[in-house]
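Some notes on the structure that comes next.
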Amino acid sequence: MATSPTNLNEYYTQQGQALPTVQQRQDVATKAGITGYTGTAQQNGTLLGYLTGLPANKGTGTQAPITATSLQNTPTPIVTPTPVPQSTAVTDNSIAGLLATTKNNVATDQATQDAKTKELEGLITSQGDQGVVENKIYADNGVDTLKKQTDDYTSQIEAEQKALKDKIDGIRQNPNGMSAQGIQAEIERAQTESSGRQANTALLLSETTRQYATATAIATRQVEQNTAKLKASIDAKTFVLNQLGTKLATEQAQAFQLQSKQLDYKQDMLKEAITNAQKAVENGTIDGTTGYQAVSDLISGKTELSQFNNKIGNTDNTDGILDGVDYTSYATK
């Protein structure tokens with residue numbers, strides 16, 4: 001009597017058949033009540049139990065075939081096996097995907113930070129050149145021109161006053177031998193003429209001074225608005241840069257954590273792979289040379305995990321996730 005098989009490979013070997021692929025086993029798995037069959041160890045155990053319970057010409061078990069009579073004599077109902085929940089384990093590929101996304105975010109935010117920094121530097125430079133801007137604003141509003149006109153009119157009045165004084169001094173020297181009344185009359189005439197000229201200039205000075213004050217007030221407001229706008233822009237960009245710096249630091253920390261998780265994952269994966277290869281050698285599935293080469297190729301990266309499993313005959317593992325390790329511990333929140 002044949003020994004009861006302990007795995008699907010032994011079962012099909014006893015049937016004189018090669019182990020079917022996972023896809024080829026899906027039909028019989030469905031009949032066995034397995035939903036979403038992917039070839040996990042638990043699903044394969046359920047499938048093996050189903051196969052070994054079939055009649056002799058369908059399997060190697062010793063149980064009697066299931067008939068209508070036997071079903072009628074069965075006191076308990078037949079319960080359809082509950083589908084085995086699929087693993088939500090994190091694979092090396094998913095960690096690599098998260099790491100790639102995070103690194104891309106870091107690169108994008110770094111480029112944005114560099115661009116914003118240049119913009120801020122430009123604004124700070126503009127702030128340093130504010131004196132030039134202020135001068136232009138005053139010039140555009142005519143402040144400089146009006147100030148010059150005001151100074152000119154003031155100088156004209158001062159010059160007229162000095163000319164009058166000099167003229168009065170000359171009259172008093174009386175070079176023409178005038179009488180005292182004649183000298184006084186000449187002085188009064190000179191004063192009247194000078195006062196008229198000074199009055200006309202003073203009117204011009206007053207109007208120009210008014211225009212100068214108005215232009216100065218307008219220019220000052222424009223300078224204040226420009227300064228406030230520039231300061232607001234600097235403050236806003238500084239705030240954005242601070243926020244971006246915080247975000248970038250968080251993403252860089254996440255990238256470091258993911259790299260650490262990836263290393264941890266690979267280390268545990270290799271440990272389990274070596275254990276599985278040792279079991280395969282002990283079970284006689286492969287020889288020692290094949291096991292050693294399979295592990296060496298996996299470590300060097302010459303083969304993927306699925307190829308490694310095929311080499312060591314680990315047919316229970318076809319989804320690229322090794323058994324026996326809680327890979328959900330590598331998940332990131």
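Here the spin labels are modelled as points 7 Å beyond Cα on the Cα-Cβ line, and at residue 275 and residue 180 they lie 13.6 nm apart. Computed 3J(HN,Hα) for the range 258-270, one whole-Hz value per residue from the Karplus formula 6.51 cos²θ - 1.76 cosθ + 1.60 where θ = phi - 60°, is 5, 5, 5, 4, 4, 5, 4, 4, 5, 5, 5, 4, 5, glycine and proline marked x. In this label model, residue 260 and residue 246 are separated by 2.3 nm, measuring between points 7 Å along each Cα→Cβ vector.
Annotation: aspartates and glutamates with alpha-carbon distance below 17 angstrom to residue 302 (same-chain offsets under eight excluded): 92. Extending 7 Å from Cα along the Cβ direction at residue 293 and again at residue 210 yields two label points whose distance is 10.8 nm. Legend: calculated FRET efficiency, residue 130 to residue 239, from the Cβ-Cβ distance at R0 = 25 Å, rounded to 0.05, equals 0.75. Computed from the C-beta positions of residue 187 and residue 230, the FRET efficiency with R₀ = 41 Å rounds to 0.10. The calculated FRET efficiency for residue 21 paired with residue 115, based on their beta-carbon distance and R0 = 41 Å, is about 0.20. Shown in residue order for the range 142-154 are the 3J(HN,Hα) couplings computed by the Karplus curve 6.51 cos²θ - 1.76 cosθ + 1.60 at θ = phi - 60°: x, 4, 5, 5, 5, 5, 5, 5, 4, 5, 5, 5, 4 Hz (x for Gly and Pro).
Of the peptides 142-152, 185-195, the order by per-residue mean of other Cβ atoms within 10 Å, starting with the highest, comes out as 142-152, 185-195. Under 18 Å of direct C-alpha separation, and excluding same-chain neighbours fewer than eight residues apart, residue 237 reaches these aspartates and glutamates: 109, 114, 119, 121. In straight Cα distance, which lysines are under 27 Å from residue 231, not counting same-chain residues fewer than 8 positions off? Cα-Cα hits under 27 Å: 116, 118, 136, 247.
Where a number appears in this text, it was derived from the coordinates with a stated rule and is not lab data. Keep in mind the model is a prediction, meaning the values are calculated, not measured. Neighbour counts run over all protein chains shown; Cβ positions are idealised from the backbone, glycine included.
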